[in-house]
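A.B. asks: A single structure is presented below for examination.
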Amino acid sequence: MFRPKTSSSRKPRSLNRLAIPGRLWIASDVHLGPDAPATAAAFQAFLERAGREADTLILAGDIFDAWIGDDVALREPDPWLLAALAALRRLAARIPLWLGRGNRDFLLGADLARHVGARLLPETALLDTDAGPILLAHGDEYCIADHSYQRFRRIVRRRGMQRLYLALPLRARKGIAAWARNRSMNANRYKAPDIMDVDPAAVAEALRRSGARALIHGHTHRPGRHGLWIDGKPCERLVLPDWDFDHAETRRGGWISIDRNGLRLWRYGPGGPEPVPGNEAGAAV
Ligand code: MN
């Protein structure tokens with residue numbers, strides 16, 4: 001039977017479509033860990049605010065600076081983690097919470113999500129929002145110029161490899177995680193900044209395939225709002241900030257709010273959260 005080729009027939013099956021009506025807030029790259037108490041405090045205040053002002057919260061990866069398995073985290077959580085999990089659970093009792101995986105916490109799993117009452121976000125999601133369809137991903141998959149990282153990513157994302165790792169005793173898991181982290185930090189020191197940013201062609205292709213006109217991602221720690229043209233149509237790429245209230249010279253963090261008035265990028269200023277100048281609300285469609 002003849003079927004006209006529509007844009008939807010070209011959409012990959014793996015693209016998960018989620019209906020997220022109402023006021024949606026998205027944050028990523030909070031990098032919670034034992035050495036970031038000020039960041040954790042700011043993040044907990046953010047969660048309380050999200051519970052009051054948003055209808056849904058999505059955390060799009062690298063909420064934790066490291067994750068070596070749900071079992072370890074849930075069995076014997078350190079005090080900082082216990083507090084973070086409690087705050088997430090409080091939030092999830094008020095509004096829907098989605099947890100995505102980043103490159104640091106890609107082992108975060110269904111047990112953790114269940115524990116806090118959240119849902120696991122698919123790797124790439126097409127969000128049907130009040131501001132139109134928005135493509136959401138952590139962002140590391142678009143950094144394709146970083147060949148060594150992409151090779152590492154392909155290996156550690158294999159289910160069999162993850163099962164093997166999670167079957168190891170805690171000491172071995174910690175050792176491997178520390179090794180991988182040192183290796184990555186040493187490698188990144190010598191990489192050109194462009195290599196660690198998203199590839200414009202990969203972004204364009206992802207937007208084209210999704211049919212969305214806006215992409216939101218984190219990972220690169222380069223918050224901003226970029227206009228681009230794809231097939232003659234104006235599109236946008238919004239980049240979430242990373243959070244650091246402990247080590248950075250100026251504290252940083254923020255989120256993106258989405259509602260029927262459009263998308264808005266927020267950051268922490270001296271007097272508290274404020275919209276990023278020049279990034280006033282704009283519609284995704
Ligand atoms: Mn990341």
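The values are calculated or read from the model by the stated rules, or taken from the named source; none is laboratory data. Keep in mind it's a predicted model, so treat the numbers as computed, not measured. Cβ sites come from the backbone with ideal geometry, for glycine too, and all protein chains shown count toward neighbours. Note: areas computed on protein heavy atoms with side chains; ligands, DNA, RNA excluded. Shrake-Rupley method; radii C 1.70, N 1.55, O 1.52, S 1.80 Å.
A.B. asks: Rounded, prolate or oblate: pick one for segment 71-182, where a ≥ b ≥ c are the square roots of the eigenvalues of its C-alpha gyration tensor, a/c under 1.5 means rounded, and failing that, prolate if a/b is larger than b/c, else oblate.
C.D. replies: oblate
A.B. asks: Could you list the square roots of 5 times each eigenvalue of the Cα gyration tensor of segment 63-121, that is, the equivalent ellipsoid semi-axes, sorted largest first and rounded to whole Å?
C.D. replies: Largest first, segment 63-121 gives 16, 14, 10 Å.
A.B. asks: Any idea which of LEU57, TRP80, GLY33 is furthest toward the positive side of the dipole for segment 20-85, if Lys and Arg beta-carbons carry +1 and Asp and Glu beta-carbons -1?
C.D. replies: Looking along the dipole axis, the top candidate is LEU57.
A.B. asks: To the nearest 0.05, what FRET efficiency results for TYR190 and ALA41 with a Förster distance of 30 Å applied to their C-beta separation?
C.D. replies: That pair, TYR190 with ALA41, gives E of 0.30.
A.B. asks: Taking the DSSP beta bridges in the chain as the whole, what percent of them are antiparallel, to the nearest 5?
C.D. replies: If I count the DSSP bridges inside the chain, around 55 percent turn out antiparallel.
A.B. asks: Using the charge dipole of segment 127-174 (Lys, Arg: +1 at Cβ; Asp, Glu: -1 at Cβ; taken about the Cα centre), state which of MET161, ALA172, ALA145 has its Cα farthest towards the positive end.
C.D. replies: ALA172
A.B. asks: Just for the Cα atoms in the chain, what are the lengths along the principal axes, largest first, rounded to whole Å?
C.D. replies: Reported extents, whole Å, longest axis first: 56, 45, 41.
A.B. asks: Next question. Test of understanding: extend the Cα→C-beta vector of ARG119 to 7 Å, then name every residue of segment 129-146 with backbone N under 20 Å from that spot.
C.D. replies: 129-138
A.B. asks: ALA87: net charge of surrounding residues, Cβ under 15 Å, Lys/Arg +1, Asp/Glu -1, itself excluded?
C.D. replies: +3
A.B. asks: Once you've got the GNM for the chain with C-alpha springs shorter than 10 Å, pick whichever of ASN182, ASN16, ASN261 has the biggest mean-square fluctuation.
C.D. replies: ASN182
A.B. asks: Please give the net charge around ARG181, taking every other residue with its beta carbon less than 14 angstrom from that of ARG181, where Lys and Arg add +1 and Asp and Glu add -1.
C.D. replies: +1
A.B. asks: When ligands, DNA and RNA are left out and all protein chains stay put, how many square angstrom of accessible area per residue does the chain have with a 1.4 Å probe?
C.D. replies: About 51 Å² of surface per residue is accessible.
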